[in-house]
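Every number here is computed from the coordinates shown, using simple stated rules; none is lab data. Since the structure is predicted, the reported quantities are computational estimates derived from the model, not experimental observations. Glycine gets a Cβ as well: all are built from the backbone with ideal geometry, and neighbour counts include every protein chain shown.
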Amino acid sequence: MKSRRLLKAAEAVREVVSTTILFHIRDPRVKNVTVLGADVAGDMRTAKVYVSVMGTPKQQSLCMHGLESAKGFIQSKIADRMQTRYTPVLKFVLDQGVKKSAETSQLLRDVIPDEETVPDEHADEGEDAELDLVDDYDADDYEDFDDVDDESEEGMDEEDSGESGGR
C-alpha cells in the first residue's frame with residue numbers, strides 16, 4: 001500500500017499535468033487529451049502519467065509525440081507546485097480503457113434493441129387505441145363514486161373538529 005505522501009504527490013502531478021495541458025500547451029498536436037491518473041515511484045524520481053486520447057491511432061500517436069516534446073515544460077510546472085528534492089521525470093502512458101469502453105458501449109447499443117423498437121400489445125392499433133380508451137369513459141358510471149367521496153370528507157371533518165369521541 002502506498003503511503004499518504006506518495007498518493008498526495010501523485011494527485012498533485014495529475015492535477016498539474018491536466019491543467020498545464022488544458023491551459024498552457026499550445027502545440028496543435030496535443031488535443032482531445034484526458035489525464036486519467038498518475039503513479040509516482042517510491043523515491044519520487046519518476047512518475048507515470050496515464051492519458052487517454054480520443055481519435056484515430058494516427059492522432060493518438062501525434063498527441064503522444066506532442067506530449068513527449070512538452071515533457072520538460074510540464075515538469076517545470078510540477079517543480080513550481082511541489083517543493084521536493086527531486087522533480088519526477090514524467091513518462092506518458094496511453095491508456096486505451098476509455099476508448100475501449102466507449103466502443104463496447106456502442107456495440108451493446110447496436111445489439112440490444114431500444115424500448116421504442118420493442119413491439120407492445122397496442123402497436124398495431126396505433127393512436128386510435130388511445131382515442132378509443134378516452135371515448136369509452138362515461139361520467140354517469142362514476143357518478144356514485146363522487147357521492148362517496150363527499151360523505152367520507154364530511155366524516156373526516158367531524159373527527160377533526162373534536163365533536164365525535166372524547167379525546
*Once you have the Cα-Cα distance between residue 94 and residue 54, take 0.36 nm times their residue separation minus that, and quote the gain in nm to one decimal.*
13.3 nm
*Enumerate the lysines that residue 99 could reach by cross-link, defined here as Cα to Cα under 18 Å, with residues fewer than 8 away along the same chain left out.*
31, 58
*Extended-chain gain in nm, criterion 0.36 nm per residue less alpha-carbon gap, residue 73 and residue 104*: 7.6 nm
*Local electrostatic count, residue 27, Cβ distance below 12 Å [Lys/Arg +1, Asp/Glu -1]*: +3
*Using mean Cβ contacts within 10 Å as the protection proxy, how do 74-81, 1-8, 14-21 order, highest first?*
14-21, 74-81, 1-8
*Please give the peptides 99-110, 39-50 ranked by average Cβ packing (other Cβ atoms within 10 Å per residue), highest first, as a rough proxy for protection.*
39-50, 99-110
*asked:* Please list, ordered by chain and number, the residues whose modelled amide H lies under 5 Å from the amide H of residue 50; skip anything fewer than 5 residues away on the same chain.
replied: 36, 37, 38, 39, 93
